[in-house]
Amino acid sequence: MESFQLSTIDFIIMVTYALFIIGYGLYHAKRKSSEDYFLAGRNMIWPVVGISLFAANISSSTLVGLAGAAYKTDTHVFNYEWLAAVVLVFFAIFFLPFYLRSKVYTMPEFLERRYDRRSRYYFSFIMIVGNVMIDTAAALYVGSIVLQLIFPGVPSWLIIVILAAAAAAYTIPGGLSSVIHTEVLQAILLIIGSIVLTLLAFGEVGGWSGMMAGLDAKAAAGEFTNPDTGVVLHSGQEVLSMFRGSGQTWGDFFRGTGPGVDGFMPWTGLLVGAPILGFYFWANNQFMVQRVLGAKDINHGRWGAIFAGFLKLPVVFIMVLPGTLAILMYGGVDISNINYQLSDGKICQQLIDCPDATYPVLLFDLLPKGLLGLVVAGLLAAMMSSISATFNSASTLVTMDFFKQLRPNLTSDQLVRIGQITTLVLVVLASLWAPLIGKAGGLWEYLQKVLAYISPPVAAVFIVGMFWKRANANGAIAALIFGFFMGCLIAVSAVFCTLYGDEANGLFQFIHSIHFLHQTFFLFVLCIIVEVVVSLRSALPPDDKIRDYTWSSDMIAAETEELKGLPWYQNYRILSVFLLIATAIVVWIFR
């Protein structure tokens, strides 16, 4: 495979688009007040909310991560995507109304309303760290991958700094309104580019029938046998299947390994672990929920969330399958000429050794001149969109959950200025962390495992607090602190076992041997137990902590009366049923 080069027209398109998107973001800036800056004036309609949610999720990091994971571990990475549609329905029914009625700026602020300030400060800190380590740094890492293929002689750290500065150019002055309006534009371009790329990739392998024949041939040759887990795939249909075994023994269950076990996502992990990650990401994460907080009312927030769920379903065709098609197109092909450097500085020889390069390789290899520049610009713009969104959400957390609490007399202009300075600081921190992701063994695996460390205690506290009135502030902070130290223990175990292998501590080896989705579930359950026990052994929570922040059956009856006056296409319950049916159909196709 020859090295990749952009034509003059491609460069012109990329530069023109970059300047346009910065100008477009500044044009839609809202900064007259802190509410304008951080929540776009709470005036977003449902299509904008839905597309913004989708764009923020299917960012450049997710797009590249999905294709790379599909190349490395087959199509069942899509389990995370269809599961999001189910989580969004749960979110729209039970949590979204409380968030919007409370008029909060942040998720930690809501946690304070339900519990106390201790929980707020803890969650704010975790969210800020997560935004830097997961969303922003991952997006910068993806941008460095793409541009490294174009400019192999430029150091990746310099590319990361330039990309971070470009994203901050309209985020710092513009706030959430700039973020959301640029996200909608980027999402449209990203979808169009993904569709074109998928069609070209199918053309290369001879369509759907050609893909199946190629996968069948590779399966027959034994190329789909995982040496670590013993999984043997005998046909193309098995390669496309999203469901694999969980093992025959309790040891297999804990580890997610063994004969017939899918080490990437055992079905037990899909059942008990992945929903917790999804719930945290969609229902607790400031990065995502902030878009819903900007909705003009509850109906628009719910319609937007459900619309985002519908947008997730075609992802398997236009973002996951290209990675599967790359197995047929580049399996065994020498790619050293593209000069893609691994984390140790060596040049990648086979795509299986650098799966995160799968999507960029597809772009440069298949797209014609002109269109390549536009799609690459769209990919980089999506990366900028993701970065700008995390900058804005993290600056909101720092400003509203720390500075405003410590100095409540700050004016609206002062709060905006603090948010802008915070964004600049986060730019620097994320730029320093991004190069380390390449050492984690794969972008998608990195994203999910970091979520597994931080999400279980937060998800447990939100869910218990919403559905159990007896839960109190002492129980919540006890569960959060317990979950934090256990998450640290899991992370330390992973680091030590990676560095020292069989010489690592026996406890570390045992913890690390448990599949990370099972770790997520066990930690979630333990945090619930801690919160329940501590709550029962301490005082009842005050009425003002329960009345407006816990679910009751009376709310369902009152809502039913409100929905009677709406046509069916505006009834979110009916729309939710349609979304669940559509999800079931897609899952059945790839069963």
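Overview of results
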read-out: For His515, residues with placed amide H under 5 Å, excluding near neighbours; value: Arg255, Gly256
read-out: Sorted by Cβ neighbour density within 10 Å, fewest at the top, the residues Asp543, Asp10; value: Asp543, Asp10
read-out: Packing rank of 463-472, 97-106, 274-283, 64-73, where each peptide gets the mean count of other beta carbons within 10 Å, highest leading; value: 64-73, 274-283, 463-472, 97-106
read-out: Full-extension gain in nm, Trp568 to Val492, via 0.36 nm per residue minus C-alpha separation; value: 22.2 nm
read-out: Sequence of Tyr569, Tyr17 once ranked by neighbouring C-beta atoms within 10 Å, starting from the fewest; value: Tyr569, Tyr17
read-out: Gyration tensor (alpha-carbon) shape descriptor, the stretch 401-560, a/c threshold 1.5; value: oblate
read-out: Gain on full stretching of the segment that runs from Ile581 to Arg417 - 0.36 nm per residue minus C-alpha separation; value: 54.4 nm
read-out: Violating pairs (Cα-Cα greater than 27 angstrom) within the set Lys404/Lys449; Lys296/Lys545; Lys346/Lys449; value: Lys404/Lys449
read-out: 5 angstrom amide H check on Ile347, placed H, neighbours 5+ away; value: Leu342
read-out: Neighbour-count ranking [beta-carbon atoms within 10 angstrom, fewest first] of Ile298, Ile126; value: Ile298, Ile126
read-out: Length-normalised contact order for the stretch 447-552 - Cα pairs under 8 Å, 6+ apart - percent; value: 47
read-out: Residues Val272 and Ser552, FRET efficiency given R0 of 41 Å [Cβ-Cβ distance, rounded to 0.05]; value: 0.90
read-out: Cα-based shape type of the stretch 493-591, given that a ≥ b ≥ c are square roots of the gyration tensor eigenvalues and the cut on a/c is 1.5; value: oblate
read-out: Global form of the stretch 539-588, assessed from the alpha-carbon gyration tensor, a/c cut-off 1.5; value: oblate
read-out: FRET efficiency for Ala221 and Tyr500, using Cβ-Cβ distance with R0 set to 45 Å, rounded to 0.05; value: 0.75
read-out: Length released on extending from Leu507 to Val333, taking residue separation times 0.36 nm less the Cα-Cα span; value: 58.5 nm
read-out: Long-range amide H partners of Met44 with built H, under 5 Å; value: Ala295, Lys296
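The numbers here are math on the coordinates, done by the rules we state, and not lab data. Remember, predicted model here, so these are calculated numbers, not experimental data. With ideal geometry, Cβ positions are generated from the backbone for all residues, glycine too; neighbour counts draw on all protein chains shown.
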